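Every number in this text was worked out from the coordinates using simple rules, so none of it is lab data. Bear in mind that the values here come from a model prediction, so they are computed numbers and not experimental data. Please note: Cβ atoms are built from the backbone with ideal geometry, for glycine as well, and neighbour counts cover all protein chains shown.
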Amino acid sequence: MDTPGLRYDLGATYYRLGRYAEAEREFQALAPDPKWAPLAHYNLGVTAQRAGRPQQAMEYFEQAHRTTTDPNLRALAATALERLGGALPSPGTSAVVSLAGGYDSNATLSPDAATAGVSHRGDRFVEALAAASHRLAGNTARGWVAHGSLVLRKYADLSQFDVTGSRAGLSRETESTRLQTSVGAYFDTAYIGGDRLERVASVDVQARRPLDAGGELRGRYRFGHIAGGGGFEYLDGRQQRLSVDAGFTLASALVRAGYELELNHRRDLQQGNEFLSVSPTRHSLFASVALRNLAGWRTDARGEYRVSRYHDPDLIDAGPPLGIFEVTRRDRRYGFGLRADRRLTAPWRLFIDYSCYRNQSNLDTYDYIRQQLMAGIEASLEK
């Protein structure tokens, strides 16, 4: 046998045994292959670093960062380079655009069509996304960056569930050999069925610290002040999210795992004798595994488990003879997703994305299963 996958596994094994010359030989054999070159250069950098050749390691990390189209590998290369005191040229402007079509099995997020007041829950859709960032001043070590994005989703029949979302913001970003930070202010607007759902003014603080062997530790805190649209005033209030995750390489895979805490304090909904809480406290565990080359495809698998407990008990009028009863809503949501993309011609890529979420609640009204499948093309641009 003489396959790229075998050579990569041999290189990883030699590296773990401390046989760096033999590890380099295997990774060097992968470097001429365009599909494997970025990952090969990254591992050549790690090997050169362990062998006591930091300058050569920096050159390999720079090659990996420059040639890869994978954001996870680029982040790992940047982290490794920062640890060695190197500096990466940062593009002044970067953008991504995508256009996709697909099928959503439950656009209503309800247990059945009757609960949502529609004839059917599933529908076909088209989705378009555009996002861009531009460095206004400074450099990679310290600078100001402007951000903007827009996403549109339109259903074939269930137009009352069409989604539009936009974001604009400004962040202050810094980089050093030990820490990368970003502090930003953002303004988000979301519409559903053409009606404004909410506006959010938020502060987003992020930090990333390199770990040994090319890994990284990330932390993030977000605070948002929310104003609900007409008919959605019960969403008014505040939301806080705190998350931490770690990323590392494992054989030929890039692995990430983390935890998020979400706190909500909303106005909630009072209608006559009934009361509905929309202020949950949520705990989420999530993980992802990315493979750089699987029969020519770049693949990412992701999973999530989320527990939600709502602050105040709901008051539900069940009618005579039961009357009003009180119950505190508790939900558990399980999610799984799989994405694969393949390069077409630069800068375009073909992608396929599947996800499945199941929500289980002690209130049957909020039980649902939702599956989505979409395929499309995307382009990433840097200048």
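Structure values in brief
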read-out	value
Top of Gln271, Gln56, Gln240 by mean-square fluctuation, Gaussian network on the chain, Cα under 10 Å	Gln271
Kirkwood hydrodynamic radius (C-alpha pairs) into Stokes-Einstein, the range 67-156, 37 °C and 0.692 mPa s, D in µm²/s	194
Gain upon complete extension [Arg332, His311; 0.36 nm per residue less C-alpha separation]	6.0 nm
Length-normalised contact order for the chain - Cα pairs under 8 Å, 6+ apart - percent	12
Linear extension gain, Asp112 paired with Ile324, 0.36 nm per residue minus alpha-carbon span	73.9 nm
Full-extension gain in nm, Arg267 to Asp33, via 0.36 nm per residue minus C-alpha separation	78.5 nm
Fluctuation leader among Val255, Val118, Val97 - the chain, Gaussian network, Cα springs under 10 angstrom	Val118
Value of relative contact order over the range 86-158, rounded to a whole percent, pairs C-alpha under 8 Å and six or more apart	34
Principal axes of the range 1-159: Cα extent on each, largest first, Å	67, 50, 25
Nearest 10 degrees, 0 to 90: helix 37-50 Cα axis against the chain principal axis	70
Helix 4-16 axis, angle to the chain major axis (alpha carbon atoms, nearest 10°)	80
Centre separation in Å (Cα based) which lies between the range 280-325 and the range 1-47	39
Estimated FRET transfer efficiency when R0 is 35 angstrom, pair Leu276-Val255 (beta carbons, to 0.05)	0.35
Efficiency of FRET between Thr345 and Trp144 - r from beta-carbon atoms, R0 22 angstrom, step 0.05	0.05
Theoretical FRET efficiency, 1/(1+(r/R0)^6), r = Cβ-Cβ of Ala201 and Leu17, R0 41 Å, to 0.05	0.15
